[in-house]
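A single structure is presented below for examination.
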Amino acid sequence: MNKVKILQTKHVLAVQDLAKSVDYYKTKLGFETIWHDGAGWHCLGLQGFQVMLGECGDDKSAFELANHSDFAYINV
């Protein structure tokens, strides 16, 4: 049986305040910017973990909705 090695994971999350969220990931968690488009998307990484934050300022948070419709890519 072949063993698979996970090289990277990518997670896509909606956030209400992109600037505040990016600051938290960078200052508190140690992530670095991989890319951003200046139009509401910012991708950050730490080791093999990446998170793509998309700004959805008018949406209620997942906490408020009790809905956790998030998804992830796992590159192997």
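The values are calculated or read from the model by the stated rules, or taken from the named source; none is laboratory data. The structure presented is a predicted model; accordingly, all values stated were derived computationally and were not measured. Neighbour counts are summed over all protein chains in view; Cβ atoms, including those assigned to glycine, are modelled from backbone coordinates with ideal geometry. With ligands, DNA and RNA removed, areas are computed over all heavy atoms of the protein, side chains included. Shrake-Rupley method; radii C 1.70, N 1.55, O 1.52, S 1.80 Å.
Lys and Arg at +1, Asp and Glu at -1: add these up for the other residues within a Cβ distance under 14 Å of His42 and post the number.
Working: positive: Lys10, Lys20, Lys26; negative: Asp17, Asp23, Glu32, Asp37, Glu55.
Net local charge, His42 excluded: -2.
Can I ask one more? Each label point is 7 Å from the Cα along the Cα-to-Cβ direction; what then is the distance between the points at Ala66 and Met1, in nm?
Here the answer is 3.9 nm between the modelled labels.
Restricting the count to DSSP beta bridges whose residues both fall in the chain, what percent are antiparallel, rounded to a multiple of 5?
70
A further question on this structure: Enter the accessible area of Lys28 (Å², nearest 10), with the probe set to 1.4 Å and all protein chains included.
Estimated to the nearest 10 Å², Lys28 gives 150 Å².
Still on this model: Could you work out the helix-only [θ] at 222 nm for the chain, with each DSSP H run of four or more residues adding -39,500 (n - 2.57) and the total divided by the number of residues, to the nearest 500 deg cm²/dmol?
-2500 deg cm²/dmol
Hey, another quick one. Grab the Cα-Cα distance for Trp35 and Gln47, subtract it from 0.36 nm times how many residues apart they are, and report the gain in nm with one decimal.
Length gained, Trp35 through Gln47: 2.8 nm.
Using the Cα centre of the chain as the reference point, and only Cβ charges (+1 on K/R, -1 on D/E), how large is the resulting charge dipole? Debye, rounded to the nearest 20. Provide the component values of the computation, followed by the final result.
Details: 7 positive and 9 negative charges, 106 e Å.
Approximately 500 debye in magnitude.
Taking the solvent-accessible surface of protein heavy atoms with a 1.4 Å probe, what is the per residue accessible area of the chain in Å²? Write out the running numbers ahead of the final one.
Values: 5880 Å² over 76 residues.
With the other protein chains kept in place, the chain gives 77 Å² per residue.
Just going by the charge dipole of the chain, with Lys and Arg at +1 and Asp and Glu at -1 on Cβ, which of Leu29, Cys56, Leu13 is farthest out on the positive end?
Going by the Cα projections, it comes out as Leu29.
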